Amino acid sequence: MTVDEAFERLLEGYMNSNHRKKVDIIQKAYNFALHAHQDELRQSGEPYMQHPVAVATIVSQEMGLGSTSICAALLHDVLENTDYTIDDIRNIFGDKIAQIVDGLSKIAGGIFGDKASSRAENFKKLLLTMSEDIRVILIKICDRLDNMRHLDREPEGKRYKIAGETLYIYAPLANRLGLNAIKTELEDLGFKYEHPEDYEAIEKKLAHTREQRDALFADFTTPIRKALDSMGTNYQIKARIKSPYSIWNKMQKKHVSFDEIYDILAVRIIFSPKKQEEEVNECFNIYVALCKLYKSHPDRLRDWLSHPKANGYQALHVTLMSSMGQWIEVQIRSKKMDEIAEQGFAAHWKYKTGDDTEKVAEDELNGWLQTIKEILDDPQPDAMDFLDAIKLNLFASEIFVFSPKGDIITMPAGCTALDFAFQIHTFLGTHCIGAKVNHKLVPLSHVLKGGDQVEIITSNSQTVHHEWINFVTTAKAKNKIQALLRKRDREDAKQGEEKLRAWLDQKGLALTTSILDKFTEYHQARTHERLLLDVAHGDLQLDDKLLNAVLYGKDGVAEGKGNRRKGWRRFLPFVKAKGLKATQKALLIVGKDFDKSQTIVVNEENINHYLFPDCCSPIPGDGILAYVNKHNQIEIHQRSCPEAQRLQSAFGTDIMAARWNMTNGQTFNASIEMRGIDRKGMTRDVSMVIYDTFNVNIKSLSMTTDDGIFNCHTELLVTDNVIIEKIIKRLSDINGMQSVHRS
């Protein structure tokens, strides 16, 4: 399809929509962008203009937005890729389109410093503009979806960066905005490129079990159709198949196989209400009819009608026991609810009626945007901290808790009583000494559950404590606590500076930046302020031994606190390298001319050049990637490692493709967790499988039992992940074994 043909298809879809037909300005934006990008080509050699048109088509036909958004999508790369300025866009297309295009454009420089992640900085600017106009983030998600659909055209290393960032940020963002169809596609595409073997395996298993699911669906829905027909309901019944990414994610979290995933099939009933104001009542009428046909699970009724999710989602979920002995979830929703579930807030605008449901949705959106503003009001100096704050506060599941007066307050899942206190008022949080949850006294760190009634207890003598930051989860609480702690730390650091200066004066030395640097490096403090705080709090003893070590290298500064690094694995003996510090022995240090587009090949000759973090402990056979850290050293992570996903999101330009090429049979540490029914001889059976059957050395094995249930952790020395998978399969066959997984 040519660019002009693609644009004609875009216009045809727009003309069939419910929007006011502003074809002239869309045609004008297309012509302008076509001229601006006339000499540009995509990675595949196709005209670059295909991308803006594709994004605009997604904006129009898959998200249902109007002419302003379509124009902004057509123009979204003009500022970044051409010589046109934001003033040119504003003069030709007006302030609103210019504001959205500016928010979609990349930003130069950054608040995170020289080592900043441009991706994190771009995302921050995106959120800043989004807080003024939600369409900015909606179009950005469409942009990301088109890039993901053509990700196979990119080099391997870049695919990892984009796929990891998509799974960590953009898919949850789409979910938070209620864009279910787009969220699912983003997840599956990210999964496909991050873990191609696992994706293909699940796709094959889904295809292999399709006939079985079809038979179950037909058997289960036949009596439902008869009941709904007798009620005179205008309805559709659809099968919802769990996506490959959701299946894989559940397999990882629950440590189960594909065959043990029992909710792959769900049933969706979508009806057109006889009267729009009666749609909630009709949902419950259908629910009653279903419960007459099948037994319902008492703990799996989910009422999203009375209290919609923060992204506007409404439905009634019930889990029923089929005649074939399987639990099947049924989702009951009206046609309007279904469109909102798939298109999110964009569909809310389509159904703009001014009723209570619409007001709730807008209030939730405004509250969400307010949370974004609170995070942005307190800039995080570290890109990872910023992205984690976004992830924790914007993408978490919601729970509903009650105030003492019975008011409903939406909070992120996993929040504490102290988070609730700060959510109500800063004064309550600052002076909080405890809480009553459901009329029982609990500590500040108590994690709240949906339906809890919370009363905050305060004292005027209470002040903020450093340890609070370790258990609060919301951006509002963290920001307020950090602001108060920073103010206190500045005062303490000043006292520490005076104390250190007085001590150095006694030794005939002046407090200079150079001496501060040496003390900071030796004490392994991140900043001068952290060092001075430790001096003020007495955590750094000022004596002659310390002075000699810092200034003259006595007492072995090379082995001092500042040079001991934990959390890394090294495989070969340290090799002395001329000109390198003790902490850098034999490590590859990346220089300015290092080509990050290359693939790192890890073999027995160079394995000691890289760092292997304990967060995932990769071994040969694992899918891996490389990350150039802030010390210009290369870390090797598993691609499935949560830390690797965070790094891909915040520091995408420092991610490289990597693969194994080990041939000498070198052994690596690998851990296995087991759980099952305790019995006599269980330890012997486990040991026999590992050592006698596979001749693998057991580095350690520990087993604990509680009420007839055992938990076992073992560390093995293996050559690759193939042997681990074989061991896990054999261990799973042991009598009484319930679960076995690599940890």
Point to revise | Probe 1.4 Å, all protein chains present, accessible-area order of LYS21, LYS630, LYS476, largest first | key: LYS630, LYS21, LYS476
Exercise for review: Rounded to the nearest 0.05, what FRET efficiency do MET662 and MET688 give with R0 = 30 Å and r taken as the Cβ-Cβ distance? Could you check?
Suggested key: 0.60
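At 0.36 nm per residue, and after removing the present C-alpha to C-alpha distance, how many nm does the segment from GLU277 to ARG679 gain when stretched out fully? Show your work: numbers first, answer last.
Numbers: separation 402, 0.36 × 402 = 144.72 nm, distance 6.03 nm.
Roughly 138.7 nm would be gained on extension.
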Check your understanding: Does the stretch 61-102 come out rounded, prolate or oblate, given a ≥ b ≥ c as the square roots of the eigenvalues of its C-alpha gyration tensor, rounded meaning a/c under 1.5 and, failing that, prolate meaning a/b above b/c?
Key -> oblate
Check your understanding: Tell me, what % of the accessible area of the stretch 661-743 is carbon and sulfur with a 1.4 angstrom probe?
Key -> 45
**Study point:** Total charge dipole magnitude, the stretch 650-743, about the Cα centre, Cβ charges on Lys, Arg, Asp, Glu only, Debye to nearest 20
**Key:** 200
Practice item. Taking all protein chains together and a probe of 1.4 Å, list HIS465, HIS431 from the most accessible to the least accessible. Key: HIS465, HIS431
Point to revise | Whole-Hz couplings from phi, Karplus 6.51/-1.76/1.60, listed for the stretch 518-524; x for Gly and Pro | key: 5, 4, 5, 5, 5, 7, 6
Exercise for review: Could you tell me whether the stretch 393-449 comes out rounded, prolate or oblate from its Cα gyration tensor? Rule is a ≥ b ≥ c as square roots of the eigenvalues, rounded for a/c under 1.5, then prolate if a/b exceeds b/c, otherwise oblate.
Suggested key: rounded
Review point. Hey, any idea what % of the stretch 222-292's accessible area is carbon plus sulfur with a 1.4 Å probe?
Key: 48
Point to revise | Hits among aspartates and glutamates - C-alpha to C-alpha of LYS96 under 16 Å, sequence gap 8 or more where chains match | key: ASP87, ASP88, GLU132, ASP133
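Taking a threshold of 25 Å on the Cα-Cα distance, which of the pairs LYS335/LYS476; LYS161/LYS518; LYS192/LYS596; LYS183/LYS292; LYS309/LYS405 fall above it? Numbers along the way, then the final one.
Working: LYS335/LYS476 37 Å; LYS161/LYS518 36 Å; LYS192/LYS596 23 Å; LYS183/LYS292 35 Å; LYS309/LYS405 22 Å.
Over 25 Å apart, Cα to Cα: LYS335/LYS476; LYS161/LYS518; LYS183/LYS292.
How far, in nm, would the chain grow between SER732 and SER514 when pulled straight, counting 0.36 nm per residue and subtracting the alpha carbon separation?
Details: separation 218, 0.36 × 218 = 78.48 nm, distance 5.94 nm.
That works out to 72.5 nm of additional length.
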Exercise for review: Would you give the gap between the C-alpha center of the stretch 31-105 and the C-alpha center of the stretch 477-529, rounded to a whole Å?
Suggested key: 50
**Study point:** Under 5 Å, built H, 5+ apart or other chain: amide partners of ILE709
**Key:** ASP678
Check your understanding: Which cross-chain or sequence-distant (5 or more) residues have an amide H under 5 Å from the amide H of GLU40, H modelled 1.01 Å from N in plane?
Key -> TYR48
Review point. So how much accessible area does LEU500 have, in Å² to the nearest 10, using a 1.4 Å probe?
Key: 0
Review point. Solvent-accessible area per residue for the stretch 460-543 at a 1.4 Å probe radius, Å²?
Key: 58
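Considering only protein heavy atoms, with the full assembly of protein chains and a 1.4 angstrom probe, order PHE7, PHE284 by accessible area, largest first.
These residues rank, largest area first, as PHE284, PHE7.
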Study note, to complete from the structure: In nm, the gap between the two label points placed 7 Å beyond Cα toward Cβ at ASN438 and GLU5 is 6.3
Check your understanding: At what distance in nm do the modelled label points of GLN43 and ILE409 sit from each other, each positioned 7 Å from its Cα along Cα→Cβ?
Key -> 4.7
Revision key, fill the gap. In order over the stretch 236-242: 3J(HN,Hα) from phi, Karplus 6.51/-1.76/1.60, θ = phi - 60°, whole Hz, x for each Gly or Pro, gives 10, 10, 10, 8, 9, 9, 4
Revision key, fill the gap. Projected onto their principal axes, the Cα atoms of the stretch 242-310 stretch, largest extent first, over whole-Å spans of 45, 30, 20
Review point. Distance in nm between label sites at HIS35 and HIS150, each 7 Å beyond Cα in the beta-carbon direction?
Key: 2.3
Review point. Between HIS425 and LEU542, what length comes free when the chain is fully extended (0.36 nm per residue of separation minus the Cα-Cα distance, one decimal in nm)?
Key: 37.9 nm
Exercise for review: Using a 1.4 Å probe and ignoring any ligands, DNA or RNA, find the accessible area of ASP707 and quote it in Å² to the nearest 10.
Suggested key: 150
Revision key, fill the gap. Quick note, the stretch 226-265: a/c under 1.5 would make it rounded; otherwise a/b > b/c is prolate and the rest oblate (a ≥ b ≥ c, C-alpha gyration tensor); here it is prolate
Review point. Once phi is turned into θ = phi - 60°, what whole-Hz ³J(HN,Hα) does the Karplus curve with 6.51, -1.76 and 1.60 give for every residue of the stretch 133-147, x standing for Gly and Pro?
Key: 8, 4, 5, 4, 6, 5, 5, 4, 5, 5, 4, 5, 4, 5, 4
**Study point:** Amide proton proximity set for THR719, modelled H, under 5 Å, gap of 5+
**Key:** PHE668
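Using only the Cα atoms of the stretch 1-73, what semi-axes does the equivalent ellipsoid have when each is the square root of 5 times a gyration tensor eigenvalue? Give whole Å, largest first. Can you show the working numbers first?
Values: eigenvalues 89, 30, 19 Å².
In descending order, the three semi-axes are 21, 12, 10 Å.
The values are calculated or read from the model by the stated rules, or taken from the named source; none is laboratory data. It should be emphasised that the depicted structure is a prediction, and the values quoted were computed from it without experimental measurement. Because the Cβ atoms are built from the backbone with ideal geometry, glycine has one as well, and the counts that use them run over all protein chains shown. Areas reflect the complete protein model, heavy atoms only, side chains present, ligands, DNA and RNA absent. Shrake-Rupley method; radii C 1.70, N 1.55, O 1.52, S 1.80 Å.
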